[in-house]
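The next block holds one structure in the form of structure tokens; read it before the comments.
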Amino acid sequence: PRYAGQSGVEWFREKQFWWRKNAKDNGCAFMPTVTPGYNEKGVRPRLDPMSRKLTAGSEFGSLFEALLDNAMQLTDPSTGDVIMVNSWNEWHEDTQI
């Protein structure tokens, strides 16, 4: 599987900072997004799945935890500090939480 690693988490954090700034500059609310990771091998057998582990030696759920830590710094009080969890219980992609 692929691992996001801390560099992937930081890359996504910087993207969300930019999206939040862009939303605020345009008078829109912003909701940061997190994902528990996914395994799409069942629907895309040629692709390497994204692990729910931050690194090979990390615990399962560590990617979600790292993304959630970052998202909590980006919440917008005008939305009630909502964080969007991108999972949708797609059992075939192993993204249920």
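Taken about its Cα centre, the chain carries a charge dipole of roughly 280 debye when the Cβ of each Lys and Arg holds +1 and the Cβ of each Asp and Glu holds -1.
Heavy-atom surface analysis with a 1.4 Å probe gives the range 14-97 a carbon and sulfur content of 55 percent of its accessible area.
Based on C-alpha pairs under 8 angstrom that are at least 6 apart in sequence, the chain has a relative contact order of 35 percent.
Just from its helices, what would the mean residue ellipticity at 222 nm be for the chain, if runs of 4 or more DSSP H residues each count -39500 (n - 2.57) and the sum is divided by every residue, rounded to the nearest 500 deg cm²/dmol?
Value at 222 nm, helices only, nearest 500: -11000 deg cm²/dmol.
Neighbours of Cys28 by Cβ distance under 14 Å: Lys/Arg scored +1, Asp/Glu scored -1, total +1. At what distance in nm do the modelled label points of Glu10 and Ser87 sit from each other, each positioned 7 Å from its Cα along Cα→Cβ? Rounded to a tenth, the inter-label distance reads 2.8 nm. Across the protein chains, with a 1.4 Å probe defining accessible surface, the residues Val82, Val34 rank Val82, Val34 from largest area downward. So who's got an amide H within less than 5 Å of the one on Met50, skipping anything under 5 residues away but keeping other chains? H placed 1.01 Å off N, in plane. Here the answer is Arg2, Tyr38, Glu40, since their amide H atoms fall under 5 Å of that of Met50. Taking all protein chains into account, the per residue accessible area for the chain stands at 64 Å² (1.4 Å probe). Each residue of the range 51-61 is assigned a 3J(HN,Hα), and the resulting list reads 6, 7, 9, 5, 9, 4, x, 7, 6, 4, x Hz, derived from the Karplus form 6.51 cos²θ - 1.76 cosθ + 1.60 (θ = phi - 60°), x at Gly and Pro.
Sorted into 5 angstrom bins from 0, the C-alpha pair distances of the chain split as 3, 14, 20, 21, 19, 12, 8, 3, 0 percent.
Annotation for Asp25 and Thr55: the two label points, set 7 Å from Cα along the Cα-Cβ direction, are 3.5 nm apart.
The values are calculated or read from the model by the stated rules, or taken from the named source; none is laboratory data. Keep in mind it's a predicted model, so treat the numbers as computed, not measured. Note that each Cβ is placed from the backbone with ideal geometry, even for glycine, and that neighbours are counted across all protein chains shown. These area figures cover heavy atoms from the full protein model, side chains too; ligands, DNA and RNA do not enter into them. Shrake-Rupley method; radii C 1.70, N 1.55, O 1.52, S 1.80 Å.
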